[in-house]
Amino acid sequence: MKAYDSLHVFPEVPKALKAVKETPDIDSYIFTNGTRDMVSASVKLSPDLGPYADVFKGFITVHEVQVFKPAIKVYDDLLTKVGKEGEAGEVWVVTANPFDAVGARAAGLQSAWIDRAGKGWVDRLGDVIGGIRPSVVVSGVDEAVGEIIKLAT
């Protein structure tokens, strides 16, 4: 667990966080199945994430909800905590986890799925529940942020 406090990021992440920081219309949060203490320590102590800690308005965890992603209840809780109830389509989840991309879309949110392998969307979970797919499929977090900025402005 100590290693979690010194996580390194993918090469494009600093560029993405800088873009978020320079775009005042975007409020960014860390939304996780982890605990608030674990994620907070990781962000603050990570040599790669620490310099960008102020980019995040907060940490939203599933701990209080007592279920894990992709349960719709956690996405509803996210909307409540960011003050976007009834505005799910304005909230984006950026993730490399197919279950999270599909869960967000099933709850009415937008999702940007990071396809690091470059194979395209091959997950079938969304097909089982009505053909749900991510809003965008991109190769990195920087591309996801770029798409969100483009669509939000």
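The values are calculated or read from the model by the stated rules, or taken from the named source; none is laboratory data. Remember, predicted model here, so these are calculated numbers, not experimental data. Cβ atoms come from the backbone with ideal geometry, glycine included; neighbour counts cover every protein chain shown.
Residue-wise test of (1) buried (at least 22 other Cβ atoms within 10 Å of the Cβ); (2) closer than 19 Å to Gly89 by Cβ; (3) in contact with a Pro (Cβ under 8 Å, 6 or more places away or on another chain).
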residue	(1), (2), (3)
Asp100	yes, yes, yes
Gly118	no, no, no
Val122	no, no, no
Leu125	no, no, yes
Ser135	no, yes, no
Asp142	no, no, no
Glu147	no, yes, no
Any residue in region 46-54 that is over 23 Å from Phe10 (Cβ atoms) and surrounded by fewer than 21 Cβ atoms within 10 Å (Cβ to Cβ)?
no
For region 28-69, which residues satisfy the criterion of being assigned to a helix (DSSP H, G or I), touching an Asp or Glu at 6+ places or on another chain (Cβ under 9 Å) and free of Cβ contacts under 8 Å to residues at least 24 places away in the same chain?
Lys44
So which residues in region 1-17 are assigned to a helix (DSSP H, G or I) and either touching a residue at least 12 places away in the same chain (Cβ under 8 Å) or within 15 Å of the chain's Cα centre (by Cα) (or both)?
Tyr4, Asp5, Ser6, Val13, Pro14, Lys15, Ala16, Leu17
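Kindly indicate the residue of region 75-95 that is outside any helix (DSSP H, G or I) and out of contact with any helix residue (DSSP H, G or I) (no Cβ under 7 Å at 6 or more places or on another chain) and also farthest from Ile30 (Cα to Cα) among those meeting that condition.
At the first step, the residues of region 75-95 found to be outside any helix (DSSP H, G or I) are 82-87, 91-95.
Right, trim to out of contact with any helix residue (DSSP H, G or I) (no Cβ under 7 Å at 6 or more places or on another chain) and you get 82-83, 86-87.
On the way: Val82: 11, Gly83: 15, Gly86: 21, Glu87: 19 Å.
By that ranking, first place goes to Gly86.
For region 96-153, which positions are small (Gly, Ala, Ser), within 20 Å of Ala19 (Cβ to Cβ) and either in contact with a Leu (Cβ under 8 Å, 6 or more places away or on another chain) or part of a loop (DSSP other than H, G, I, E, B) (or both)?
The answer is Ala96, Ser135, Ser139, Gly140.
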Residue check, Ile72 against (1) in contact with a helix residue (DSSP H, G or I) (Cβ under 7 Å, 6 or more places away or on another chain); (2) modelled with pLDDT under 95; (3) more than 25 Å from Gly146 (Cα to Cα), all met but one. Which one?
(2)
Among the residues of region 17-25, are any more than 25 Å from Gly146 (Cα to Cα) and surrounded by fewer than 18 Cβ atoms within 10 Å (Cβ to Cβ)?
no
The condition of being over 28 Å from Lys150 (Cβ atoms) and crowded, with 17+ Cβ neighbours inside 10 Å holds, among Ser40, Ser28, Ser6, only for Ser40
Within region 31-54, residues being modelled with pLDDT under 95 and within 14 Å of the chain's Cα centre (by Cα) number 4
